[in-house]
Amino acid sequence: MSPDTGGAAGGSASGAGAVGDFVIAIDGPSGTGKSTVARRVAAALHAGYLDTGAIYRTATLAVLRAGIDPDDAAAVAAVVTGLTLDPPVDPERQRHLFHGDDVSTELRGQAVTTAVTPVSANPAVRAHLLAVQQRLAHSGRMVVEGRDIGTVVAPDAALKIYLTADAHERARRRLRQDEQLAVVSTGVTGANPDRAARLAAVASDLDRRDTSDSSRAVAPLQAAADAVLVDSSDLEPAETVRRVLGLAAERGIR
């Protein structure tokens, strides 16, 4: 894994011309800004955008609605391998549908967030959803974000980014996202007197998920050997986007 130096470290320009197909892989733990950065990069490059985390969350929602224990590996596999998923790839319009219903907000709720770790660690689930991800990732000009894109989903990606940030900043960002989703869900705004306690709880949950995802036997969270490390701790989203676009331009992706 190479640090972000603004140079030509990491990835290959093979097959990634100015107008040709390409895959940009953006991996990293939760709270690093992967979704925001990936969507903006995709929009700037007139490319598609695939949020693989949302695919696993949709599968998890299906498990929960079926009344299945997320830790029941066989039952979870039976539910998920029967799913036909068609995730959105338009960076400007990310509506996630399940049986015709828009579940975009529900996918980020606490119930799904808690259950997605055991569901996504299920080998049968990963095998089934991998085929969906690879089909879409290689369907044209695509920016794909997740936790195993550069290592498993698209190891041939023209550019691999591993996005990181310090633990406190990641927790702060995730709490802010949760608060924004709560406003969307309830329409209620206002100060949260327990914000410090909630921040600590979010940090603990992020640590739990990252530890689990990094240590799972199948497709663990890790940077590809040829990924470029970008630390977004002190960067605004626009600054991170500019760095990624600069690295893409060095590989002929414009």
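Of all residues in segment 21-37, one or more are in a helix (DSSP H, G or I), under 18 Å from V241 (Cβ atoms) and among the β-branched types (V, I, T). Cβ-Cβ contacts under 9 Å between residues 6 or more apart (or on different chains), taken from a first residue in segment 69-84 that is modelled with pLDDT under 95 to a second residue that is surrounded by fewer than 16 Cβ atoms within 10 Å (Cβ to Cβ), are listed as T81/A124; T81/A127. Pairs, please: C-beta under 7 Å, at least 6 apart or cross-chain, first residue of a type in the set (D, E, K, R) and in segment 241-254, second modelled with pLDDT of 95 or more? From residues that are of a type in the set (D, E, K, R), the pairs are R243/V230; R251/A158; R251/L159. Looking at D51, D21, D90, just one residue is modelled with pLDDT of 95 or more, of a type in the set (D, E, K, R), surrounded by 14 or more Cβ atoms within 10 Å (Cβ to Cβ) and in contact with a Gly (Cβ under 9 Å, 6 or more places away or on another chain), and that residue is D51.
Based on this model, can you work out whether Q134 counts as surrounded by fewer than 22 Cβ atoms within 10 Å (Cβ to Cβ), assigned to a loop (DSSP other than H, G, I, E, B) and either among the polar types (S, T, N, Q) or touching a helix residue (DSSP H, G or I) at 6+ places or on another chain (Cβ under 9 Å) (or both)? So Q134 fails the test. Does A203 fit the bill of being farther than 19 Å from E145 by Cα and without any contact (Cβ under 8 Å) to a residue 40 or more places away in the chain? Answer is yes for this residue. Scanning segment 109-131 for residues that are assigned to a helix (DSSP H, G or I), closer than 21 Å to S215 by Cβ and touching a Lys or Arg at 6+ places or on another chain (Cβ under 6 Å) returns V116, T117.
With the structure loaded, tell me whether V76 is under 20 Å from the mean Cα position of the chain (by Cα) and crowded, with 16+ Cβ neighbours inside 10 Å or whether it fails that test.
When the stated conditions are applied, V76 does not pass them.
The values are calculated or read from the model by the stated rules, or taken from the named source; none is laboratory data. Computed from a predicted structure; not experimentally measured. Glycine gets a Cβ as well: all are built from the backbone with ideal geometry, and neighbour counts include every protein chain shown.
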